[in-house]
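The structure appears right after this line, and notes come after that.
Coordinate-derived values only; no laboratory data. As the structure is a prediction and not an experimental result, all values here were calculated from the model. All Cβ positions, even for glycine, are placed from backbone atoms using ideal geometry, and neighbour counts span all protein chains on display.
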């Protein structure tokens with residue numbers, strides 16, 4: 001039976017794409033995979049891609065899973081990011097806090113589920129079962145696209 005297998009990407013509209021790209025790359029520490037100046041920036045976050053695109057800001061809601069919520073919050077606060085207090089949910093058992101990005105999006109950082117802390121699994125499950133444990137991929141360099149050509 002055909003069905004949904006994953007979230008493909010999360011899109012965030014930005015009035016200032018380059019400023020928001022710098023924030024998520026340099027301050028938050030996301031891995032930039034594609035950047036076409038003024039058009040799009042794509043970050044790889046585990047199995048999900050986060051797209052930044054120019055346009056009027058809209059409400060966006062998603063969370064980022066961290067391996068150490070308190071240490072990550074401290075890092076953002078030291079970088080001057082407006083962060084809410086870290087809290088422990090009695091309902092879910094997750095520790096989390098929120099921060100506000102330069103486009104006024106409120107993003108939640110939460111302690112990850114075991115499946116998210118295990119790392120990305122970009123290969124289909126059948127391929128992993130057939131080949132055994134997945135081997136780590138070499139780090140990819142961001143691509144910069146200019147006038148229809150891709151440069152590395």
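Assuming 1.002 mPa s and 20 °C, estimate D for segment 7-102 with Stokes-Einstein, Rh taken as the Kirkwood radius over Cα pairs, in µm²/s.
Once the numbers are plugged in, D ends up at 150 µm²/s.
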### Message
Taking a virtual spin label 7 Å from the Cα of residue 71 along the C-beta vector, which residues in segment 35-59 bring their backbone nitrogen under 19 Å of it?
### Response
46
### Message
Cβ neighbours within 10 Å, averaged per peptide: list 54-62, 102-110 in order, most packed at the top.
### Response
102-110, 54-62
### Summary
To the nearest 0.05, the calculated FRET efficiency linking residue 15 and residue 87 through their beta-carbon distance, R0 being 25 Å, is 0.25
